[in-house]
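The values are calculated or read from the model by the stated rules, or taken from the named source; none is laboratory data. Nothing here was measured: the structure is a model prediction, and the numbers come from that model. A quick note on method: Cβ atoms are made from the backbone with ideal geometry, for glycine too, and the neighbour counts reach across all protein chains shown. Protein only, heavy atoms only, side chains kept; ligands, DNA and RNA dropped before computing areas. Shrake-Rupley method; radii C 1.70, N 1.55, O 1.52, S 1.80 Å.
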Amino acid sequence: MKNYCDRKNGYRHTIQLGIEGVRTLTNGMTRGKYSGDEGIRRLQDEIQRADAIVVGAGAGLSTSAGLTYSGERFESYFFDFEEKYGIKDMYSGGFYPFSDEEIKWAWWARHIYFNRYIEPPKPVYRDLYSLLEGKNYFIVTTNVDHQFQRAGFDKSRLFYTQGDYGLFQSTNPRIKKTYDNEDWVIKAMEAQGFIKDESGVFAVPEDRKISMQIPKDLIPKCPDDNSDVTTNLRADDSFLEDEGWNRASEAYYNFIEENKGKHILYLELGVGANTPVIIKYPFWQLTRSNKRAVYACLNYGEVFCPKEIHDFAICIDGDIGETLRQVSLDK
């Protein structure tokens, strides 16, 4: 495999940029100059006129699309895990210390399938695609559910910084490859007793008789050395930044550099407080350092920006899907 040590790393470059920038913010926070209906009109105008659009997407975007980790979805597909183990949502279940591998991988088959291999309940990603189609855009996201590609976005314009539910990696650190897991996920869902409905999506059978474990011989293994595998998700320093990850990181760096100084819209969608250093802080700094840049933050209950970029900021509080729908209607 190629050595990427000499490549430009958009991930680390923008994180460093954000860290350095946020240290110099001294004037406090603001809700931005444009909000509400005026913000929607300004956002629609910026999408049409910008030379380039950089989208930064967090968990709030998938939540708006209906890919929630608790409530009805969780109770529908994980009711047995809730009853036996007291797990209350998919996020916390991902950290549960299951007693054996057969149970652990039954959980992960469901977790991956219902967040990675189905259409989201609401067309938020496809609505976003309709707004950006034909534009000069790039997307950086902390989401791992692959929904941008499902909606039609160009893979070469996407950077999934934190991994992909659809990939496994070996626990052997010498193996620097990831492996597609869709075939395994389908087999593991069938082994638990899930059945496909009329649309071809797995569902719980009417008698609700499903298993919380898979056969031992179905536990996933590395195809190269038969070592154990794990999900390709950034949880610690064992996360594998494979060839595809490095290629996307470089593409992100190049896009930022190629459009430096141009009229750029930094469009932040559903980014919370968990990982602001990956998207939010860099977007603030990139906007502050370019007088032609505009920062837009769409979120539910969490919209703000530094006063230093107040005059160049659109902050719209509300459901992202509804906001995008209004922007589309105003085209």
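At a glance:
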read-out	value
Rounded to 5, percent antiparallel among DSSP beta bridges of the chain	35 percent
Relative contact order, percent, the chain [alpha-carbon distance under 8 Å, six or more residues apart]	33 percent
Label-point gap, in nm, between R247 and F304 - each point 7 angstrom along Cα→Cβ	4.1 nm
Carbon plus sulfur fraction of accessible area for the chain, probe 1.4 Å, in percent	46 percent
Normalised contact order of segment 112-199, rounded percent, pairs of Cα under 8 Å and 6 or more residues apart	27 percent
Part-to-part distance (alpha-carbon centres) for segment 132-164 and segment 23-90, which is given in Å	15 Å
Cα gyration tensor category, rounded, prolate or oblate, for segment 1-148 with a/c compared to 1.5	prolate
Only Lys, Arg (+1) and Asp, Glu (-1) charged, at Cβ; segment 1-129 dipole about Cα centre in debye	640 debye
Net charge over other residues, Cβ less than 15 angstrom from the Cβ of G163 (K, R count +1; D, E count -1)	-3
Isotropic mean projected area of the C-alpha convex hull, the chain (nm²)	17.9 nm²
Packing-based ranking, highest mean first, of 312-325, 220-233 given that Cβ atoms within 10 Å are counted	312-325, 220-233
Taking segment 179-331 and dividing mean pair separation by its residue count, relative contact order in percent (alpha carbons under 8 Å, at least six apart)	13 percent
Test item: Cα-centred dipole of segment 269-331, Lys/Arg +1 and Asp/Glu -1 on Cβ, debye	340 debye
Inter-probe distance in nm under a simple model that places probes 7 Å from Cα toward Cβ, at F239 and E82	2.9 nm
Within segment 210-313, GluC sites (Glu not before Pro) in DSSP loop having at most 15 other beta-carbon neighbours inside 10 Å	E302
Accessible area per residue, Å², the chain with all protein chains present, probe 1.4 Å	47 Å²
